[in-house]
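One structure is given below, encoded as structure tokens.
No value in this document is a laboratory result; all are computed from the given coordinates. From a predicted model like this one, the values you see are computed outputs, not experimental measurements. All Cβ positions, even for glycine, are placed from backbone atoms using ideal geometry, and neighbour counts span all protein chains on display.
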Amino acid sequence: KTGALENITNNPAQDIFPMWAPNGKIYFVSERTSRANLFSYDLATKQTKQLTHFMEYDVKFPSIGPGAIVFEQAGQVWRLDLATDKSAPVAITVAEDSVSTRPALVNVSRFIEGLDLAPDGQRVTVVARGDVFTVPAKDGPTRNLTQTQGVHERSAVWSPNGKSIAYLSDATGENELFVRAQDGRSPAVQLTTGGDTYYFNLSWSPDSKKILWGDRKQRLRWVDVATKAVSLVAENPDAPIFDYSWSPDSQWVTWVRNVRGTLPKVMVSSLADQSTLTVADSSYASSRPTFSDDGKWLLFASARDYRPIYSDTEWNHAYQNMERVYLVALAKDTVSPFAPKSDEVAIAKDDDKKPSDDKSAEKPEKNDAAKKAVVVKIDADGLADRVISLPITPSNYGPIRMVGDKVYYRRVPGGPVGGGGGGEGFGGGAATRSVIAVYDLKAKKETELGNFDSFELSANGKKLLLRLGKDYSLIDTPAAKIELKPEAKLDLSGLELRLDLPAEWKQIYDESWRQMRDFYYAPNMHNVGWAAQHDKYAALLPWVATRNDLTYLLGELVGELHSGHTYVGDGDRAQAPRIKTGLLGAEVSRDPASRAYRIDKILHGENWQTKTRSPLTELGVNVHDGDYLLAVNGTPTRDLANLYSALVGTVGKQVVLRVNAQPVDEGAHDVTVIPIGDESPLYYDNWVQGNIDYVSKQTGGKVGYLHIPDMGPEGLNEFVRRFYPQLDKEALIVDVRGNGGGNVSPMIIERLQRELVMINVGRNGTPTPNPRDMLVGPKLTLMNEYSASDGDLFPYRFKTLGLGKLVGKRSWGGVVGIAGSLPFTDGGTLMKPEFAPYAKDGSGWIIEGHGVDPDIVVDNDPAREFKGEDQQLDRAISEIVTELKTQRQTLPPIPAWPDK
């Protein structure tokens, strides 16, 4: 056996599932035809033959056995005879009780999609598992208002008069608006027809006569509940309109316009004359607009606090926590709550009326309805001059609500991203706990009410709905810090419905198809005949028996678009409980003679941080390479079928190991360690450091090396961790092989792209480049077929900007962008490619479906790679050393000191 490698397929298509048969042929699945089919390669004749010719559905998951290959196609099992190359379906009858698809009465409180508070706070609408419920604050039954099967109702909102609940439903096959009585005693009324896109959240007008909503066609519209007439408020050619609300007199709508190339601005549109005013222009990013309940003010969050943070790693800046809550006086004669005040003596006039003894003068108003109706007056002239800010801590704010003299808001401080803590929405980092607070304009004082994830005030301002994690509580609107009592927690035990899984799965299938239709970046859907694709895979729905089956089918459907990032997953599916096995951070092997386990190699890490802690290297643990593990928690390892059977469930727990330099008990000693659950960070760290050392050794210390595993916070951390300590190198190899993508490649490219402008030097100092923190010298990027997404974009940017050569294999080829999943009834996810790059000269679409071609193609031989040889890295070293001979850039010596 020579270990020599022969490439038997070499075409742009994907060739997978190789199977070596005794007849001297290698069988595999290839996508070189319009569908994935089975092929064979004859080792003697070197000929490739297509064996199946399916045109509608792909061949999947082949498995070879004596004389035949079985595979899945169109939901059936097929058998291909190796002697004849003929295939036929296998008749399979499974006697089963369809337990997984039986209707069942289930509690759906785990699948809450949204809540809305009744105007008086006595009930809460809850959307869960596609149905609309109302839950009492304390007493009474939970009501399922819709009770539909295979329908997704969402965005349920209570009318301000308390009579009705509006919601979105796809009962017709498209998104439409419905309204029904809040007690559910009368049938639902459909308000809209002709739905042709995705609809965003509903908003009732305060007079309960109109409902506002935005959609994916970037319109903002409202419907008259009585006449069902639909009117347009605004259209935005640059982006959908998500952020909107009504004025208290129901005659104005405020909304946020996102404009390409500028910052989002706050608009106000009149229903009376269809005019639109700009309240907060694009000088600052503004959002979350809302009118005060008295109609005198428009409140919004805006990023206007500029307080740069200087980086600890280099001379650079960032901005965080830039927002405050702002108020704009809509009428010129509105008095600022922060206007100067002076106590003066009141002077009586002769004609002042004497105190009346009329008892009727002391009578209170009958009710709130007797109060004068609010009329919103907006003086367009000078609006920008009437903006004031609340004197509160700059942070991130929203939602906002003003009732009387009190402004309620949610504050979310920005913080570190990634594995640290804080940083809402970036890179999966845990968000800093948000604060619900109120600012009293009379007392000029802010009161923090507590740490909660979200809040909603009732329309009358007397009740407050709070969410903390998965718990919801309803309380009287407080004036001081909240101390929740158990009885305030909403009782969700009544959120029950009869679940028809096949009907739900069909709805999820249809909605997935619609969402892709409405959000996919290319309106022509790549000309794949999207309607026909729906019907093609819908034909397989009757055979879906589990949520995993549905996920698989959805993957096949969206796969027809031939795009990357079309991910499907999650949902309500059975999952086996997982018990983590403790790991020691070492490679071990069994000694045949003693049956003890030998420690062949301890993986060294960085024990000051949890992620790369190596248990056998911690302080006080006296263990070395070559030692033997004789017992685990008193159980002799010679009695174990497998060492790790004794480490099941020990992650983070103390384990006593008996260790000796020889596989005998005499002279052994015990050590206590705490196993880890994942050794991959240790292997990764050792691999990277090994490459750094190898490159340095091969180049005489002249060339630096770093690897970027992804383009998220962890990848950024790796870059910063490895880049700055190597700025003294003369050249750099940047390795993005296996990079899983993200969005930080522009930040990294900016640092690699810096050009020398001047050189700084001080007394007795060493010359340093300016700008600082740059590596002067040639650079090179290593890439392979697993450089994906932003890992594709990095080498493209690197090459386009002329930063150096690309070495390795063509990258993955998936750069269409995603923006998160929309809600599904069972918590499933669907990622929709919503934007894609094309060439800066307009010549065409780039990267997607092909990848980025390297300047120098090098494919690692698997046999040699298994032995530890990295041909791609060796070629990169060879290239960069050659470049150093002709392109070496060193700082010129210090000139003669000035003579003045």
| message | With a cut-off of 8 Å between alpha carbons and a minimum separation of six or more residues, what is the relative contact order of the stretch 15-89 in percent? | response | 19
| said: If you filter the stretch 731-774 for trypsin sites (Lys or Arg not before Pro), then keep DSSP loop positions with at most 11 other Cβ within 10 Å, what is left? | reply: Arg763
| Over all Cα pairs of the stretch 58-166, how is the pair count split among 10 Å bins, expressed in % and running from 0 up to the last occupied bin? | 12, 27, 14, 13, 14, 13, 6, 1
| field | aspartates and glutamates whose Cα lies under 12 Å from that of Lys377, excluding same-chain neighbours fewer than 8 positions away | value | Asp249, Asp294, Asp333
| request: Using a/c under 1.5 as the rounded threshold, could you call the stretch 501-570 rounded, prolate or oblate? The axes a ≥ b ≥ c are square roots of the C-alpha gyration tensor eigenvalues, and prolate needs a/b larger than b/c, oblate otherwise. | output: prolate
| So what's the convex hull volume per residue for the Cα atoms of the stretch 165-228, in Å³? | 84
| field | Efficiency of FRET from Cβ geometry, Asp874 and Gln274, R₀ 56 Å, rounded to 0.05 | value | 0.20
| said: How much length would be gained if the chain were fully extended between Asp440 and Trp897, taking 0.36 nm per residue of separation minus their Cα-Cα distance, in nm to one decimal? | reply: 158.1 nm
| Using modelled backbone amide H atoms (1.01 Å from N, in-plane), which distant-in-sequence or interchain residues come within less than 5 Å of Val279's amide H? | Val266, Met267, Val268
| query | Of the peptides 29-38, 161-170, how do they stack up when ordered by the mean number of other Cβ atoms within 10 Å, highest first? | reply | 161-170, 29-38
| note | Calculating volume of the Cα convex hull per residue in Å³ from this structure picks out, from (1) 167; (2) 288; (3) 381, entry (2)
| request: For the stretch 681-758, compute Rh as the Kirkwood radius over C-alpha pairs and then the Stokes-Einstein diffusion coefficient at 37 °C and 0.692 mPa s; write the answer in µm²/s, rounded to an integer. | output: 250
| request: With no solvent and one equal point scatterer per Cα, compute the Debye intensity ratio I(q)/I(0) for the stretch 15-89 at 0.13, 0.16, 0.21, 0.26 Å⁻¹ and report its log10, rounded to two decimals. | output: -0.32, -0.49, -0.86, -1.34
| note | Placing +1 on each Lys and Arg Cβ and -1 on each Asp and Glu Cβ in the chain, then taking the dipole about the Cα centre, the residue among Leu682, Leu891, Gln73 whose Cα reaches farthest towards the positive end is Leu891
| Once you charge only the Cβ atoms, +1 for Lys and Arg and -1 for Asp and Glu, what is the size of the charge dipole of the chain about its Cα centre, to the nearest 20 debye? | 720
| message | With θ taken as phi - 60° and the coefficients 6.51, -1.76 and 1.60, list the Karplus ³J(HN,Hα) couplings across the stretch 78-93 in order, rounded to whole Hz; mark glycine and proline as x. | response | 10, 10, 9, 7, 5, 6, 10, 6, 9, 10, 8, x, 9, 6, 10, 10
| field | Degrees between helix 501-519 axis and first principal axis of the chain (Cα, 0 to 90, nearest 10) | value | 90
| request: Run the dipole for the stretch 586-676 about the Cα centre, Lys and Arg Cβ at +1, Asp and Glu Cβ at -1, nothing else charged, and hand back the magnitude in debye, nearest 20. | output: 280
| field | Segment Val375-Lys138, length gained on full extension (0.36 nm per residue, minus Cα span) | value | 81.7 nm
| request: Express the relative contact order of the chain as a whole percentage, based on alpha carbon pairs under 8 Å and six or more residues apart in sequence. | output: 7
| field | Vicinal HN-Hα couplings computed from phi for the stretch 813-830 (Karplus, 6.51 cos²θ - 1.76 cosθ + 1.60; Hz; Gly/Pro x) | value | x, x, 10, 5, x, 10, 9, x, 9, 8, x, 10, 4, 9, x, x, 10, 9
| task | Sticking with the crude label model, points 7 Å out along Cα→Cβ, report the distance from Asp471 to Arg32 in nm, one decimal please. | result | 6.3
| remark: Computed ³J(HN,Hα) along the stretch 48-64: with the Karplus parameters 6.51/-1.76/1.60, θ = phi - 60°, integer Hz and x for glycine or proline, the list is 10, 10, 7, 9, 10, 9, 6, 10, 9, 10, 6, 7, 10, 6, x, 9, 9
| What does the convex hull of the Cα atoms come to per residue for the stretch 751-847, in Å³? | 165
| Over the stretch 186-307, what is the mean sequence separation of C-alpha contacts under 8 Å (at least six apart), divided by residue count, expressed as relative contact order in percent? | 16
| message | Quick check: the distance between the Cα centres of the stretch 734-810 and the stretch 277-331, to the nearest angstrom? | response | 34
| task | Would you mind calculating the gained length between Val664 and Ile92 on full extension (0.36 nm times residue separation, minus the Cα-Cα distance), in nm to one decimal? | result | 200.3 nm
| Near the amide H of Asn743, under 5 Å away, which other amide H atoms are found, from residues 5 or more places off or on another chain, if H is placed in the peptide plane? | Met711, Gly712
| query | Helix-derived [θ] at 222 nm for the chain: sum -39500 (n - 2.57) over DSSP H runs of at least 4, divide by residue count, nearest 500? | reply | -4000 deg cm²/dmol
| task | Give the angle, between 0 and 90 degrees and rounded to the nearest 10, that separates the Cα long axis of helix 871-887 from the longest principal axis of the Cα atoms of the chain. | result | 80
| message | Could you sort the peptides 184-194, 844-854 by per-residue average Cβ neighbour count (10 Å cutoff), highest mean leading? | response | 844-854, 184-194
| query | What is the helix-to-structure angle for 790-800, meaning the angle in degrees between its Cα long axis and the longest Cα principal axis of the chain, kept from 0 to 90 and rounded to the nearest 10? | reply | 80
| note | Here the net charge surrounding Ala380, from other residues whose Cβ is less than 14 Å away from its Cβ (Lys, Arg +1; Asp, Glu -1), is -2
| Tyr838 paired with Lys46, simple spin-label distance in nm, labels 7 Å along Cα-to-beta-carbon | 4.3
| Computed magnitude of the charge dipole of the stretch 15-89 (debye, nearest 20; Cβ of K, R +1, Cβ of D, E -1) | 140
| note | P(r) over all Cα-Cα pairs of the stretch 586-676, 5 Å bins from 0 to the longest distance, whole percent per bin, short to long, reads 3, 15, 25, 28, 18, 8, 2, 0
